[in-house]
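Everything on this sheet refers to the single structure shown next.
The values are calculated or read from the model by the stated rules, or taken from the named source; none is laboratory data. Every value quoted in this text rests on a predicted model; they were computed, and no experiment measured them. So basically every Cβ, Gly included, is an ideal-geometry build from the backbone, and we count neighbours across all protein chains shown.
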Amino acid sequence: MKDEFIKIYTDNIKRDGADKLLEWLQRSDFFTTPASTKHHGAHEGGLCEHSVNVFNRLGRIYTDECNDPEKYKSNLETFTICGLLHDVCKVNFYTVSTRNVKNETTGQWEKQPYYAIDDQLPYGHGEKSVYIISGFMHLTREEAMAIRWHMGGFDDAVKGGSYAISGAFDKFPLALMLHVADLEATYIDEKEDAK
């Protein structure tokens with residue numbers, strides 16, 4: 001999956017700083033870390049896999065919406081950035097720990113590894129991804145809004161009562177499309193992968 005991610009990234013993202021961001025991703029745990037601790041992609045490499053799945057879903061959603069191949073091609077860099085990088089906030093976010101689990105067959109307690117959260121940059125979710133990406137390359141306002149609000153109703157600000165997401169979805173349709181692509185990748189593609 002890492003090779004596929006890198007190919008999509010290098011083929012489609014050409015803006016200044018993209019090469020430095022990719023170098024940083026390759027030095028980080030991005031390609032080996034999970035996408036979550038116990039839900040979708042809760043395995044080594046799950047984040048990379050999820051990112052490629054979201055990119056693919058976002059392209060399908062956009063194609064269905066506009067039915068204009070030329071418009072899709074002209075926005076491919078934006079889709080690639082949003083799909084592949086929406087969750088860079090999870091770099092250096094998880095750690096492997098152990099816990100005691102009772103073996104039902106033997107009745108003995110055994111140490112089992114699991115993923116735990118160890119957030120080194122507690123800055124929020126979508127906003128943290130925007131912050132990290134912006135340290136390497138410029139994001140358009142639409143890209144920043146899409147990445148910032150990709151969690152939709154699961155975002156902490158929304159759960160806390162913020163209505164800003166409504167304005168973001170209204171003014172920047174890509175934000176809603178990225179949220180839907182994230183949901184479809186999580187609950188359709190990665191659920192099927194787990195079978």
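On the basis of being at pLDDT 95 or above and of a type in the set (Lys, Arg), does ARG99 make the cut?
no
I'd like the full set of residues that are small (Gly, Ala, Ser) and within 18 Å of GLU190 (Cβ to Cβ), limited to the range 4-49.
ALA35, SER36, GLY41, ALA42, GLY45, GLY46
Does GLU70 satisfy the condition of being in contact with a helix residue (DSSP H, G or I) (Cβ under 8 Å, 6 or more places away or on another chain), at pLDDT below 90, in a helix (DSSP H, G or I) and surrounded by fewer than 18 Cβ atoms within 10 Å (Cβ to Cβ)?
Working: in contact with a helix residue (DSSP H, G or I) (Cβ under 8 Å, 6 or more places away or on another chain): no; at pLDDT below 90: yes; in a helix (DSSP H, G or I): yes; surrounded by fewer than 18 Cβ atoms within 10 Å (Cβ to Cβ): yes.
Spelling it out, it is not the case that GLU70 is in contact with a helix residue (DSSP H, G or I) (Cβ under 8 Å, 6 or more places away or on another chain), at pLDDT below 90, in a helix (DSSP H, G or I) and surrounded by fewer than 18 Cβ atoms within 10 Å (Cβ to Cβ).
Could you grab me the full set of residues in the range 1-27 that are surrounded by 14 or more Cβ atoms within 10 Å (Cβ to Cβ) and either on the phi > 0 side of the Ramachandran plot or part of a loop (DSSP other than H, G, I, E, B) (or both)?
Those that are surrounded by 14 or more Cβ atoms within 10 Å (Cβ to Cβ) and either on the phi > 0 side of the Ramachandran plot or part of a loop (DSSP other than H, G, I, E, B) (or both): MET1, ILE13, ARG15, GLY17.
Kindly indicate which of LYS102, LYS111, LYS90 is charged (D, E, K, R) and either closer than 23 Å to THR186 by Cα or surrounded by 12 or more Cβ atoms within 10 Å (Cβ to Cβ) (or both).
Exactly one of LYS102, LYS111, LYS90 is charged (D, E, K, R) and either closer than 23 Å to THR186 by Cα or surrounded by 12 or more Cβ atoms within 10 Å (Cβ to Cβ) (or both), namely LYS90.
Is it the case that GLY135 is surrounded by fewer than 12 Cβ atoms within 10 Å (Cβ to Cβ) and modelled with pLDDT of 90 or more?
Criteria met by GLY135.
List every residue pair whose Cβ atoms lie under 9 Å apart, where the two residues are 6 or more positions apart in sequence or sit on different chains, the first residue falls within the range 168-191 and is over 23 Å from GLU77 (Cβ atoms), and the second residue, located anywhere, is at pLDDT below 95 and polar (S, T, N, Q).
From residues that are over 23 Å from GLU77 (Cβ atoms), the pairs are THR186/SER36.
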